[in-house]
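The structure under discussion appears below in the form of structure tokens.
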Amino acid sequence: MKSQSTSEETVIRKIDRRTFLKATGITATGIILGLQMQCSPKKSGVSFSPNVYLTINGDGSVTIVTHRQEMGTGIRTNLPMVLADELEADWSRVKLVQAVGDDKKYGDQNTDGSFSMRMFFEPMRKAGASARQMLEQAAANQWDVSVTECKALNHEVVNATTGKKIAFEELTEAASKLKAPKDEEIKLKDKADWKYIGKSLGTYDAPFIVNGTATYGLDAKYEGMKYAVIARCPVAGGKVKSFNADKAKAIPGVVKIVELPASGFPAKFHVPMGGIAIIANNTWTAISARKELEIEWDFGVNGDYDTAAYINEMKASAKKKGKIRRSQGNMDAAIAGASKVLESTFVIPHLAHAPMEPPNALAVYKDGKCEVWAPVQSPQWARDSVTSSLGLKAEDVTVNVTLLGGAFGRKSKPDFVVEAAMLAKETGMPIKVIWTREDDLANDFFHAVSVQHIRVAFDKQKKVTGWNHRSVFPPIGGTTSEKELEPSGGELQLGMVDFPYDIPAIQCESHEAKARTRIGWLRSVCNIQHAFAIGSMLDEIASYRGMDPAANLIDLLGPDRNLALHELVVDKFENYGEPLDKFPWSTKRLRNVIELVRDKSGWGKKLPKGQGMGIYAHKSFLTYVACVVHVAVDDAGKITIPALHYAVDCGTVVNRNSVTNQFEGGAVFALSGALKTSITFKNGRSEQHNFDTYKVPRMTDAPTEIFVHFVESDEKPTGAGEPPVPPVAAALANAIFAATGKRFRELPISLG
């Protein structure tokens, strides 16, 4: 997740065929529109640069060049379906073409942070409506009637008076000669007329995935391609001291062995770690030869990294007063005058992204130009990284985006793409770099290990009078600069300083923690540790007060209001890159999801011995989510989950099928870190190497049923990819307490 800066400005222009062909390489014969949505402040003198291209061809087919990447979120389906709805297109006649990485042609293409839909919902509607109005005007001209008599319906324009119809393909040539309507002339459809938006639509790529014709990064091939695996230092920042490759060279099929320069520590996200690359005729030969390398490593500054010792250091820090990042009321007075103080410490481990498709990239270097095929979240960053690493011009680097077999933030970092490009230039051969699962778990950009310490003050009536939250973890910035020792304001605004509860004294603090391995953003980022700690502590409050946990949440929220967080936090409140007045922090919307999940889940019903339900609600990426987990714990301590319920307010729901899928998958992803997985370090290296030790959930670990309940809303659409994750771990821990009476404050939870 990276903060995004957005703007409301949308520009739609008709594009000539030559310009379109030059930009996309696609032949078109009908209407061609370019859509520009400003993703950053507009600079004077900058030429028109469409983010998306729409063409309605002479045969009636609709082609949309989509600039967002598909990694299971459905975004490559959902944005075009918004456009198709306003266009009144027949979805079966829509074809999607993936854009290459190019900011001049497509603007911001980075697909993370759950911001794609909120950024492009209105612009995509306007693009579709513009083309629809041009077709309606062309029909009106042909019939010599007022355009008010013409209405596009399901790939045709209908004369409302006579009932005559003209297919889109019969109008494209005439419509292409018309001017696109100005922004103020665009007429969007009424919500009642939506045919796709708000409904459940299947994923565009699903048929190709099922029949095996979809192209993932691992499927990309090139004539004469060679395969490369790299022996990287198992310790971040380490380097090769010496190596002997005689045995590796002797293996038939080994083509070349190349040493890549070490990155040092800290390094940038796009800089490869370095090491010894084995280039061979096939992957198995390359992997086999790598095992025969004799390497002596210099483990560098992180050779002594030990997470157990590191966590103890953070625990000690968390007990001390830190740098104040939010302050209201008098915290010291609240603690001093308290009738009771509850105090708890929560530990969250390193986590790995572990996408089912590990990092990989194919690169071809020829005649001073480089072309790449890779599963990347940010094709522009990949292109720019190759450009700078190889000393090329941006126009001489092409990044073709494949489908992503999972990503969760890992594939936004382009280090693996640069590896392939460097080896392709060094060898003059097409190179496919493959990361094994062991490579992935040893050399990831891990989610930060963290310690959260929370103190809560009560008066004699058990009313909460003070909330003191201390957060300690190595910041993401510590991966790129040794000067970055404390969490940024943006990181603490992911679930900590945007604490919404109505408590007189609130103080949030942070401490320094030096990064000892590569740290990066992982699905929902710092919301993971903050939500687990806060949600668990709120349940402890309910227990002390003798209150129902759901009623406790609603009581602590206080009156419905919008939080003036820009006045309360020390750092500028970023609000996920959106203005707070346009996307306010509404406690009413949080209360709504709490009440909805309470009612839908059967909260409060009598359960058998060994069973319990837990609840927590959390806002992240501008989406409000409440979660109830129902657990059953047998006499041997085995945990099963009969049901998990979500209540979701993500504003206007664009594709119910897609959002439901995101929450179902998000629940399993969250349970992975809550129950199964962690990365621990000893002597600087990860102790987990594959799925035998990094135990992602199996089918038997998943909830028997997952329910997703929507708050019907006309608010602007917000994110759905990351918000499912934060509330699950706390709701799970609270459910286990309800079932067993045992509190768990460290993840992953193990009753053994």
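The values are calculated or read from the model by the stated rules, or taken from the named source; none is laboratory data. In this text, all values refer to a predicted model and were calculated from it rather than measured experimentally. Every residue, glycine among them, receives a Cβ derived from its backbone with ideal geometry; neighbour counts consider all protein chains shown.
In table form, for the structure just shown:
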| read-out | value |
| --- | --- |
| Residue list for the range 410-424, restricted to those being farther than 11 Å from residue 361 by Cβ and touching a Ser or Thr at 6+ places or on another chain (Cβ under 9 Å) | 412, 413 |
| Filtered residues of the range 630-663 (kept if in contact with a Pro (Cβ under 8 Å, 6 or more places away or on another chain) and closer than 16 Å to residue 723 by Cβ) | 644, 646, 648, 650, 651, 652, 653, 654, 662, 663 |
| Top-ranked residue of the range 336-369 - restricted to ones that are in a loop (DSSP other than H, G, I, E, B) and farther than 30 Å from residue 676 by Cβ, ranked as nearest to the chain's Cα centre (by Cα) | 368 |
| Candidate set: the range 42-65, residues that are modelled with pLDDT of 55 or more and surrounded by fewer than 24 Cβ atoms within 10 Å (Cβ to Cβ); chosen: the one nearest to residue 377 (Cα to Cα) | 63 |
| Every residue from the range 235-267 that is surrounded by fewer than 18 Cβ atoms within 10 Å (Cβ to Cβ) and either under 28 Å from the mean Cα position of the chain (by Cα) or modelled with pLDDT under 95 (or both) | 264 |
| Residue selected from the range 649-667 under the condition β-branched (Val, Ile, Thr) and either crowded, with 22+ Cβ neighbours inside 10 Å or closer than 12 Å to residue 198 by Cβ (or both), by the criterion nearest to the chain's Cα centre (by Cα) | 659 |
| Residue check, residue 674 part of a loop (DSSP other than H, G, I, E, B) and out of contact with any Ser or Thr (no Cβ under 8 Å at 6 or more places or on another chain) | no |
| Filter result for the condition that a residue is closer than 30 Å to residue 572 by Cβ and surrounded by fewer than 24 Cβ atoms within 10 Å (Cβ to Cβ), over 389, 385, 339, 327 | 327 |
| The range 614-648 - residue that is among the hydrophobic types (A, V, I, L, M, F, W, C) and farther than 27 Å from residue 526 by Cβ and, of those, surrounded by the fewest Cβ atoms within 10 Å (Cβ to Cβ) | 636 |
| Subset of the range 70-93 that is of a type in the set (Gly, Ala, Ser) and surrounded by 24 or more Cβ atoms within 10 Å (Cβ to Cβ) - its residue that is nearest to residue 128 (Cα to Cα) | 84 |
| Output for the range 293-307, where each listed residue is in a helix (DSSP H, G or I) and under 29 Å from the mean Cα position of the chain (by Cα) | 302, 307 |
| Given (1) surrounded by fewer than 20 Cβ atoms within 10 Å (Cβ to Cβ); (2) small (Gly, Ala, Ser); (3) in contact with a helix residue (DSSP H, G or I) (Cβ under 9 Å, 6 or more places away or on another chain); (4) farther than 30 Å from residue 563 by Cβ, number of the condition residue 300 does not satisfy | (3) |
| Filter result for residue 195 (within 18 Å of residue 86 (Cα to Cα), exposed (fewer than 13 other Cβ atoms within 10 Å of the Cβ) and assigned by TED's automatic domain parsing to the domain that holds residue 88) | no |
| Meets criteria (more than 19 Å from residue 420 (Cα to Cα) and outside any loop (DSSP other than H, G, I, E, B)) for residue 277 | no |
| Number of positions in the range 707-746 that are of a type in the set (Val, Ile, Thr) and either more than 21 Å from the chain's Cα centre (by Cα) or outside the structural domain of residue 599 (by TED's automatic domain parsing) (or both) | 3 |
| Per-region count, the range 121-161, residues outside any helix (DSSP H, G or I), surrounded by fewer than 16 Cβ atoms within 10 Å (Cβ to Cβ) and without any contact (Cβ under 8 Å) to a residue 12 or more places away in the chain | 3 |
| The range 478-517: number of residues that are crowded, with 23+ Cβ neighbours inside 10 Å and β-branched (Val, Ile, Thr) | 3 |
| Filter result for residue 165 (surrounded by fewer than 18 Cβ atoms within 10 Å (Cβ to Cβ), in the same structural domain as residue 56 (by TED's automatic domain parsing) and touching a strand residue (DSSP E or B) at 6+ places or on another chain (Cβ under 7 Å)) | yes |
| Residue list for the range 558-598, restricted to those being under 24 Å from residue 465 (Cβ atoms) and touching a strand residue (DSSP E or B) at 6+ places or on another chain (Cβ under 7 Å) | 562, 568, 569, 570, 585, 590, 594 |
| All positions within the range 518-561 that are surrounded by 23 or more Cβ atoms within 10 Å (Cβ to Cβ), in a loop (DSSP other than H, G, I, E, B) and either in contact with a Gly (Cβ under 8 Å, 6 or more places away or on another chain) or acidic (Asp, Glu) (or both) | 521, 522, 523, 525, 526 |
| Scope the range 698-742; condition within 21 Å of residue 447 (Cβ to Cβ) and in a helix (DSSP H, G or I); matching residues | 701, 726, 727, 728, 729, 730, 731, 732, 733 |
| Selection status of residue 330, touching a strand residue (DSSP E or B) at 6+ places or on another chain (Cβ under 8 Å), over 25 Å from residue 263 (Cβ atoms) and either among the basic types (Lys, Arg) or not assigned by TED's automatic domain parsing to the domain that holds residue 505 (or both) | no |
| Lone qualifier among 490, 428 - being within 27 Å of residue 561 (Cα to Cα) and not aromatic (Phe, Trp, Tyr) | 490 |
| Any pair with Cβ under 6 angstrom, 6 or more apart, that starts in the range 457-485 at a residue that is part of a helix (DSSP H, G or I) and ends at one that is basic (Lys, Arg) | 479/518 |
| Residue match in the range 237-256 (condition: in contact (Cβ under 8 Å) with a residue 12 or more places away in the chain and closer than 24 Å to residue 355 by Cα) | yes |
| Per-region count, the range 57-84, residues β-branched (Val, Ile, Thr) and part of a loop (DSSP other than H, G, I, E, B) | 1 |
| Checklist (1) touching an Asp or Glu at 6+ places or on another chain (Cβ under 8 Å); (2) without any contact (Cβ under 8 Å) to a residue 40 or more places away in the chain; (3) buried (at least 17 other Cβ atoms within 10 Å of the Cβ) applied to residue 697, failing item | (1) |
| Qualifying residue in the range 458-476 (condition: crowded, with 20+ Cβ neighbours inside 10 Å and closer than 30 Å to residue 365 by Cβ) | no |
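Every residue, every condition in (1) under 23 Å from the mean Cα position of the chain (by Cα); (2) modelled with pLDDT under 95, yes or no:
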| residue | (1), (2) |
| --- | --- |
| 114 | yes, yes |
| 129 | no, yes |
| 134 | no, yes |
| 137 | no, yes |
| 146 | no, no |
| 158 | no, no |
